[in-house]
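*Asks:* Before I ask anything, here is the structure I am working with.
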Amino acid sequence: MSNLIVHGGSPLKGRIVPSANKNAVLPILCATLLTREPVRLHGVPEITDVKKILEVFRQLGSSVSVDFGTGVLDLHHQNTHFDPAKDHLPEEMRSSIMLVPGLMARFGAARIEDDVKGCTLGAREIDPHVEVFERFGASVDRAADGLLLKVDGKLRHNDHWTDYASVTTTENFVLCAALADGTSTLMNAASEPHVQEFCQFMQMLGAKLEGLGTSRLTIHGVDRLGGGEFTFAEDFHEIVTFLALGAITGGDVRVKNSQPEQFPLIDRTFAKFGVQIVHEDGWSRSVVNGKLKVKEPFTRNILQKVEAAPWPYLPVDLLPIFVALGVKAEGSVMFWNKVYDGAMGWTTELSKFGAHAFLSDPHRMVTFGGKPLTPAEVESPYIIRVAIALLMVAASIPGKSVIHNAAPVRRAHPQFAENITRLGARVEWVEGD
């Protein structure tokens, strides 16, 4: 178990350069299996899931050379091999399901482990992915420890309309369609910034893709994909996290941000808590005049609301960050997670700080902020940004707090504790019970 010790009460100040987005890096790593040409990636973060996928590539015979100090990764899948009977994919990592298209395209076979999962965000079914694989011609059989998939010949083109705008399902569709035998179209495609970045990488490899950033993607299958170099953009999740840490501690944090055009709704959400976001010269800054205070709606007798759903809504992954602001800000806010069942059930941990948060149902939480808060020992669920949200609350309270089971932070944010220490935070990792 990895715990974070937090000595709170210090305003965070300084400049920070975010790492790449895990949710762009992982599908792009999986996409490299589609080509036999060398690929060089810049800005690769040293996080748990990246290391797991690179270890799989090594076990399959691929050439892997990485320098996490510079963030440069060289991959060459020229001599890669795969046997579904003995080669297993990483467990406890949702993104491993995106290795399936590359394996099917190259070897005509793949597998899905029974334990494929990520953060504990309620029920996260694999059926939409299996449906996509079947539509491209895969047969699916249940084995003792997972599903075995087989393809006879090339993947076949198809048109598909998803039940909901799932990021990973969209990426799996694109991965399958890139080398399929014709033109494929996906309706209700996800369009998050990391999906757009993934599609840009696919285009760099030579994929013929239209509709980038929209809910309708058209992919014209090609015979082969090439190689090349690609540089990752800053993670907007991490940008928001550092801006929120500056705001909740009463500090002044500036964060490198090369894509402020993605932030209008995020900026307006910050404003609901009395935080102004300023974008200038490639940097973003959070400004708070006085204490955090919830903006009262003009409509009488309703709560201020923060609703999270697939892009272009506010991203669901950011909701815990704003819950932390809601606990600290004077006033009441209703938070609505429109995607995952049961992902809001950590109100009991907030209450240990003295916060007043009420779970209305599996999708909605109400915070009654501005209450006196005290340091506490809390237990994080296995959700990356819930661990960070608990850290945010602890960082805003003078005294020593402990975030137990904070290891999920390492799945997405390399050197996170070290980065916020440079901003003036007093935090440290402690291994053990």
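*Asks:* When you scan segment 245-264, how many residues do you find that are in a helix (DSSP H, G or I) and either surrounded by fewer than 24 Cβ atoms within 10 Å (Cβ to Cβ) or touching a strand residue (DSSP E or B) at 6+ places or on another chain (Cβ under 6 Å) (or both)?
*Replies:* 6
*Asks:* When you go through Gly369, Gly399 one by one, which is the residue that is touching a Lys or Arg at 6+ places or on another chain (Cβ under 8 Å) and at pLDDT 95 or above?
*Replies:* Exactly one residue qualifies, and that residue is Gly369.
*Asks:* If you take the residues in segment 310-368 that are touching a helix residue (DSSP H, G or I) at 6+ places or on another chain (Cβ under 8 Å) and of a type in the set (Lys, Arg), which one is surrounded by the fewest Cβ atoms within 10 Å (Cβ to Cβ)?
*Replies:* Lys338
*Asks:* Among the listed residues Lys371, Lys328, Lys352, identify the single one that is over 24 Å from the mean Cα position of the chain (by Cα) and touching a residue at least 60 places away in the same chain (Cβ under 8 Å).
*Replies:* Matching residue, one of Lys371, Lys328, Lys352: Lys328.
*Asks:* Looking at segment 242-286, which of its residues are free of Cβ contacts under 8 Å to residues at least 24 places away in the same chain and among the hydrophobic types (A, V, I, L, M, F, W, C)?
*Replies:* Val278
*Asks:* I'd like the full set of residues that are assigned to a strand (DSSP E or B) and either of a type in the set (S, T, N, Q) or free of Cβ contacts under 8 Å to residues at least 24 places away in the same chain (or both), limited to segment 65-81.
*Replies:* Result: Ser65, Val66, Asp67.
*Asks:* Inside segment 265-285, can you point out the residues that are crowded, with 19+ Cβ neighbours inside 10 Å, among the β-branched types (Val, Ile, Thr) and not in a loop (DSSP other than H, G, I, E, B)?
*Replies:* Ile266, Thr269, Ile277
*Asks:* Out of the strands (runs of 3 or more DSSP E) lying entirely within segment 103-219, which hold 1 or more residues that are crowded, with 21+ Cβ neighbours inside 10 Å, of a type in the set (Ser, Thr, Tyr) and touching a helix residue (DSSP H, G or I) at 6+ places or on another chain (Cβ under 7 Å)?
*Replies:* So the answer is 183-187.
*Asks:* Which of the residues that make up segment 4-51 are surrounded by fewer than 20 Cβ atoms within 10 Å (Cβ to Cβ) and either assigned to a strand (DSSP E or B) or among the basic types (Lys, Arg) (or both)?
*Replies:* Correct list: Ile5, His7, Lys13, Gly14, Arg15, Arg36, Arg40, His42, Lys51.
The values are calculated or read from the model by the stated rules, or taken from the named source; none is laboratory data. What you are looking at is a predicted structure, and each value in this text was computed from that prediction instead of being measured. Backbone-built Cβ (ideal geometry, glycine too); neighbour counts: all protein chains shown.
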